[in-house]
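Written out below as structure tokens is the structure these notes cover.
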């Protein structure tokens, strides 16, 4: 569960804080047959594509769900949050009972990172990370993790309602 923290000023701070590893995003040829502005997640590639509509997309490296925690299908962005507080979902809390009930936004222990885009499907989000070494791996409970600077970039490009297509 995500709790809002900050606003426009917090996003500016998040963008500055989001330094760290150099972004690995790049413009690539892409024609998935979906509307411009859509997000396509390919879990097998561990890549997220933001479709530009001119035959290209911005490709970002991501971390995806662990074995048994992955999902596919259509979702939509339901909310946009900057440095959100995080309350571990019941499944995560069951597996990690020592986690606090809520981790404050901006805390180095908060797994949501600089920003989060919540999805209208379960308790999933596209979010930054406090563990950049997890990018490129199968690491989450179904959320899509991005480098902080990349989730801040994606945050600026999408709106609530943006379709998110997740495939293997």
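The order of 127, 109, going from fewest to most other C-beta atoms within 10 Å of their C-beta, is 109, 127.
Highest-first packing order for the peptide set 147-158, 33-44 is 147-158, 33-44, based on the mean count of other beta carbon atoms within 10 Å. Once you order the gyration tensor axes a ≥ b ≥ c over the Cα atoms, which shape class does region 25-119 get: rounded for a/c under 1.5, otherwise prolate or oblate by comparing a/b with b/c? The shape class here is prolate. With the simple model of a label 7 Å out from the Cα in the direction of the Cβ, residue 72 to residue 157 spans 2.4 nm.
The C-alpha atoms of the chain define a longest principal axis, and helix 8-17 lies at about 90 degrees to it. Estimated from helical segments only, the mean residue ellipticity of the chain at 222 nm is -4500 deg cm²/dmol, where each DSSP H run of four or more residues counts as -39500 (n - 2.57).
Since every read-out is calculated from the coordinates, none of them should be taken as a lab result. None of these values were measured; they are calculated from a predicted model. FYI the Cβ positions are ideal-geometry reconstructions off the backbone, even for glycines, and counts take in every protein chain you see.
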